[in-house]
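Since every read-out is calculated from the coordinates, none of them should be taken as a lab result. Owing to the predicted nature of the structure, the values given are computational and were not obtained by experimental measurement. Methodologically, a virtual Cβ is constructed for each residue, glycine included, from the backbone with ideal geometry; neighbour enumeration extends over all protein chains shown.
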Amino acid sequence: MTSTKELVEFIKSDQNGQSRTKRIERFRTLFTQSSATFEDVLDERTGDNLLMMLLKANNFFLLQYIVRTYKTCPGLIKSLHHINCKSETVFTLAIDCIEDTKERKEQVVEAFLLLGTDPMLPGKHRLPGDVQKGLPTRFKTAFTHACEKGCKLSIVRILLSPLVADFKADFRQVVKESKNENSQLRDEVEKRFKLHRKNVNHGFLVAIAHGHFEILVELWENFGTFIEVDRTSDAFETRFFGASPLFTALESKNDNVVLYLVQECQVDLSKTNEFKQSPLYVACEYGMVEVVEGMLQKFTDNLDHVDSRGNTALMNAVYHGRIDCAKILIETGADIHRQNDVQCCALAFCCVKESSEDSNERDRKLVEHKFRCGRRLLGAGARWPGHKLASIERKYLLHTNIRKLRKYRRQIKKCSNPKCDKIAPLQCSGCKKARYCSRDCQKLHRKQHKPHCRPPHLK
């Protein structure tokens, strides 16, 4: 009589040299002689059952044969919900194995669905670092696992096919039963509907976090009316705790996903994160120019919104040397004279560095970018924060930027001609006080200026 160990060794062995018929006959012989059920065939070291071992061995032909032949066997259906030592389910492991374009792998997923396996059924999933951090056990479904892995759209659509019909049917039934007095049935339907909605929102958030744009669009087109785009994540998504889909996309630095959320999903741009930072503030920090332009086209009311320290989006853009973002904010009408909690304006951030060391190449580029931001601010009419800079610690001041910006400030005085408001780089050679934007402007103002033009030593 054959033991289950021989069956396990046969499944895990390399069978490339054998034909398909011989593999099937060998499996049938070993399985019938062992008189074991699908639940009894386990790998003692990893805790994998029969289906898991076939998936890891890439033996998809034999797996399809088992699913088709024993689809009515209760033991096979129970084995689909088995969890091994690594907290993996058969369904999530099947999605892990899907890495190429072979159709037979898609058929394996379809076969699991036909057997009644729920892609929304959560399985326990604990990462190695969760134990040390004291985090609770996470629950990952096959659907959210596919969103995280970035599977092909064909696989995601297969997983969504039973859910789309069930989701819409549940919603119609909730509305219908809410008018009836059958409270027990209504509560059951509402509970299932909330669970589906929670899973869809979780998959939507996971697809955003990993930058899978196509999956994001597919979910929004199918479940757009049921997705809460402005909600903050709870303990169900421990990894994204406290973050909304928009801030999750901003932290992932994915411009396409953020623009889709802003333009198509119509997210609320007035909401802030735990540090009272607006989406525009975070986009300026990462230098996402296209996102900043898209946000300002939709919403300009929070242009001068301040965070927990009183800093605006313009101050944040200047501090991180985001020249293009600062230019857009200044042209849109951001307040360049606004001060934060320590009485520093945006121009003061051009003269402050992040650390006491600025020797490497990256910091040198950042210093140059801050100087260019300062020129933009001075050109727009920003006031020089002299006494504010004196209060900042000396080791955090950029003295090169201070000298260069002071020199540039002398060159950008306004034209003395009252009919002109351009920047005046030219200086009157007589009084050394009047400044003009051009020779022509100086000639036009000569009659009014000549009676007052005296050299400084004669006054």
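If you place +1 on the Cβ of every Lys and Arg, -1 on the Cβ of every Asp and Glu, and leave all else neutral, what size is the dipole of region 206-345 about its Cα centre, to the nearest 20 Debye?
Value, rounded to 20: 400 debye.
Simple rule: put +1 on each Lys or Arg Cβ and -1 on each Asp or Glu Cβ in region 415-459, find the dipole, and look at His445, Pro455, Cys420; the Cα lying farthest toward the positive end is Pro455. Close amide H contacts of Gln427 (hydrogens built in the peptide plane, cut-off under 5 Å, sequence separation of 5 or more or a different chain): Tyr436.
Listed by Cβ neighbour count within 10 Å, with the fewest neighbours leading, Tyr319, Tyr436, Tyr65 appear as Tyr65, Tyr319, Tyr436.
With a threshold of 31 Å on the Cα-Cα distance, the over-threshold entries among Lys12/Lys198; Lys327/Lys407; Lys271/Lys353; Lys253/Lys298 are Lys12/Lys198.
Give me the mean projected area, in nm² to one decimal, of the convex hull enclosing the Cα positions of region 415-459.
Working: hull surface 11.8 nm².
Seen from a random direction, the Cα hull of region 415-459 projects 3.0 nm² on average.
Once the mean 1/r over all distinct Cα pairs of region 269-411 is inverted, what Kirkwood radius in angstroms do you read off? The answer is 15.2 Å. Backbone amide hydrogens, once placed in the peptide plane, bring His82 within less than 5 Å of Val90, excluding anything fewer than 5 places away on its chain.
Scanning residues 5 or more positions from Val352 or on other chains, those with amide H under 5 Å from its amide H are Leu398, with H placed 1.01 Å from N in the peptide plane.
Placing unit charges on the Cβ atoms only, positive for Lys and Arg and negative for Asp and Glu, gives region 309-408 a dipole magnitude near 380 debye about its Cα centre.
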